[in-house]
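Structure, as structure tokens:
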Amino acid sequence: MAVISFNPTRMKHSTAQSHKPINPFTSLSKPTKISFHSFKFATESPNKTLNFQKFNSVSESSVSLPMEAESVDEEDDPTAELSYLEPETDPESISDWELDFCSRPILDIRGKKIWELVVCDNTLSLQYTKYFPNNVINSITLKDAILSICDELGVPLPDKIRYFRSQMQTIISKSCRELGIKPIPSKRCLSLLLWLQERYETVYMRHPGFQKGSKPLLTLDNPFPMELPENLYGEKWAFVQLPFSAVQEEVSSLETRFAFGASLDLDLLGIEFDDKTLIPGLAVATSRAKPLAAWMNGLDVCSMEADIDRACLILSVGISTRYVYATYKKTPVTTSEAEAWEATKKACGGLHFLAIQGDLDSDDCVGFWLLLDLPPPPV
């Protein structure tokens, strides 16, 4: 099973390796009849020009694991704070930050949990950490800290700040708005989430005040899924998969084709699969593909999950919103297919995609979202 972690050889964004243009899809053989709410699944699939591969089990996908993170120098001080800007980075180019402001499993001399502010951009060109006692946690403290980051590192105030804890929404939103920054609740803070995982293992666990077994004070929400809004409905859908090289090609063409969607920095995330590794995804077809893709593009699409028990697909967007995206008749065949899809996603470290098309015979996608299903951080 692949474990996604930072690529230890790269801590800043670099140009992705180019790939020879290829037809990225192969034909989808006869799919199982599965309903998409009140609509029907595609019932025929003769030699399609949109060559999504038929979904196979995890055993048919060859997964190359990313490199292990380099060991941390034991002489590093786990109590030290960090204020870093990549020397080669233009400060004006960093317009979006990712931020976490939460308690850590560390006690101070009063026996109270220490709070920590962790800030980065999505390429980790900017990295900042600062500890706080628990009796100064408010919007004023956070606003002053944001201004301090700008002063210390010589960077302008960001246009946007993403954060993933719903419990901190009031404090973060108030601080941001007073500074003219747009706060964005989002679980697509992938660089931040992976950095927190790394800090837990290399910093917090080595801190003299570390409390083993301490549970996070502010856990992530996982609410019961709601009914899908009418404007997000499609007509047909299918479990599909693409070779990793085709996924890279589709992502790299998002900007050139001006298509709807979102990508991930695969290099920074340490995702180094073989080109032929099959990545699981969901293909959605509808006659109103462009409007649907536009509506989806206005959401912060995070992940897609097959809920085996409820026989449905769950779409996660924003910070804590979950929708029943599609349902299907629960049979041994459909259950097996959903289980295999989830197993393949897990084997790929949570990497998967959502594609929206005019119909399942189309030769391109109107929208393409590369998604990563990460476990919550341990803090």
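The values are calculated or read from the model by the stated rules, or taken from the named source; none is laboratory data. Because the structure is a prediction, the values reported are computed rather than measured. Virtual Cβ from ideal backbone geometry, glycine too; neighbours counted across all protein chains shown.
Name every residue in segment 363-379 that is touching a residue at least 40 places away in the same chain (Cβ under 8 Å) and either among the β-branched types (Val, Ile, Thr) or surrounded by fewer than 18 Cβ atoms within 10 Å (Cβ to Cβ) (or both), in order of residue number.
Within segment 363-379, ASP363, ASP364, VAL366, PRO376, PRO378, VAL379 meet the criteria.
Scan segment 348-362 and tell me whether some residue there is β-branched (Val, Ile, Thr), within 18 Å of the chain's Cα centre (by Cα) and not in a loop (DSSP other than H, G, I, E, B).
No, the conditions are met nowhere in segment 348-362.
Hey, can you tell me all the residues within segment 131-161 that are out of contact with any Pro (no Cβ under 8 Å at 6 or more places or on another chain), closer than 30 Å to LEU266 by Cβ and surrounded by 16 or more Cβ atoms within 10 Å (Cβ to Cβ)?
Within segment 131-161, the first condition is being out of contact with any Pro (no Cβ under 8 Å at 6 or more places or on another chain), and the residues that meet it are 131-149, 151-152, 157-159.
Among the residues that remain, those that are also closer than 30 Å to LEU266 by Cβ are: 146, 149, 157-159.
Once the filter is applied, which keeps residues that are out of contact with any Pro (no Cβ under 8 Å at 6 or more places or on another chain), closer than 30 Å to LEU266 by Cβ and surrounded by 16 or more Cβ atoms within 10 Å (Cβ to Cβ), segment 131-161 yields ILE146, ILE149, PRO158.
Going by what's in this entry, would ALA338 be described as touching a Lys or Arg at 6+ places or on another chain (Cβ under 8 Å), more than 30 Å from PRO216 (Cα to Cα) and modelled with pLDDT of 95 or more?
Spelling it out, it is not the case that ALA338 is touching a Lys or Arg at 6+ places or on another chain (Cβ under 8 Å), more than 30 Å from PRO216 (Cα to Cα) and modelled with pLDDT of 95 or more.
Answer yes or no: is there a residue in segment 307-315 that is more than 15 Å from the chain's Cα centre (by Cα), farther than 23 Å from LEU232 by Cα and among the aliphatic types (A, V, I, L, M).
No - not one qualifying residue is present in segment 307-315.
If CYS302 satisfies every condition in (1) surrounded by fewer than 17 Cβ atoms within 10 Å (Cβ to Cβ); (2) part of a strand (DSSP E or B) but one, which is the exception?
(1)
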